[in-house]
Amino acid sequence: VQLQAYGGGLVQTGGSLRLSCAASGIIFGLNAMGWYCQAPGKQRELVATITSGGSTNYADSVKGRFTISRDNAKNTVYLQMNGLKADDTAVYYCYARRISGLEYWGHGTLVTVSS
């Protein structure tokens with residue numbers, strides 16, 4: 001499985017960005033897809049995930065500001081990020097997991113929020 005992420009960039013505090021990630025390859029059996037982020041000097045951490053059935057999970061820090069969605073027909077997951085803060089600055093990684101538990105990671109896309 002290959003994961004290709006798009007949509008990072010530079011935005012001012014309070015602004016919005018939309019990340020997208022398309023999965024290709026042997027996609028049968030993919031269950032959860034989503035996003036993790038890693039800020040400078042910190043460990044990678046969960047942002048949000050969504051299952052093929054539409055169940056979502058969000059980090060407390062992004063609840064009410066970020067929305068994850070998924071188009072199963074396109075094997076694509078989206079992350080709408082509103083109300084961005086300087087603390088959201090990080091490299092965002094697309095993530096996918098099979099029902100078996102096997103995990104995949106895409107190359108990161110940098111999100112920079114300027115104050």
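The values are calculated or read from the model by the stated rules, or taken from the named source; none is laboratory data. Only a predicted model underlies this, so the values are computations on that prediction, with no experimental measurement involved. Counting neighbours? That spans all protein chains shown, and the Cβs are built from the backbone with ideal geometry, glycine included. Side chains included, ligands, DNA and RNA excluded: accessible areas come from the protein's heavy atoms. Shrake-Rupley method; radii C 1.70, N 1.55, O 1.52, S 1.80 Å.
Looking at (1) under 13 Å from the mean Cα position of the chain (by Cα); (2) within 17 Å of S114 (Cα to Cα), which one does T49 not meet, given that it meets all the others?
(2)
Look through region 30-70, keep the residues that are part of a loop (DSSP other than H, G, I, E, B) and among the small types (G, A, S), and return whichever of them is farthest from L102 (Cα to Cα).
Applying the filter and picking the extreme gives G64.
Could you please find all residues in region 97-108 being farther than 15 Å from L46 by Cα and either among the polar types (S, T, N, Q) or in a strand (DSSP E or B) (or both)?
R98, S100
Which ones in region 71-96 are at pLDDT 95 or above and either among the basic types (K, R) or not in a strand (DSSP E or B) (or both)?
The answer is N82, G83, L84, K85, A86, D87, D88, T89.
I'd like the residue in region 63-77 that is in contact with a Leu (Cβ under 9 Å, 6 or more places away or on another chain) and open to solvent by less than 40 Å² (accessible area, probe 1.4 Å) and, out of all such residues, is farthest from F28 (Cα to Cα).
The residue in question is R65.
Condition check: open to solvent by less than 30 Å² (accessible area, probe 1.4 Å) and under 14 Å from G108 (Cα atoms). Does A22 satisfy that? So that I can check it myself, show each step before the final result.
Working: open to solvent by less than 30 Å² (accessible area, probe 1.4 Å): no; under 14 Å from G108 (Cα atoms): yes.
Taking the combined requirement at face value, the residue does not satisfy it.
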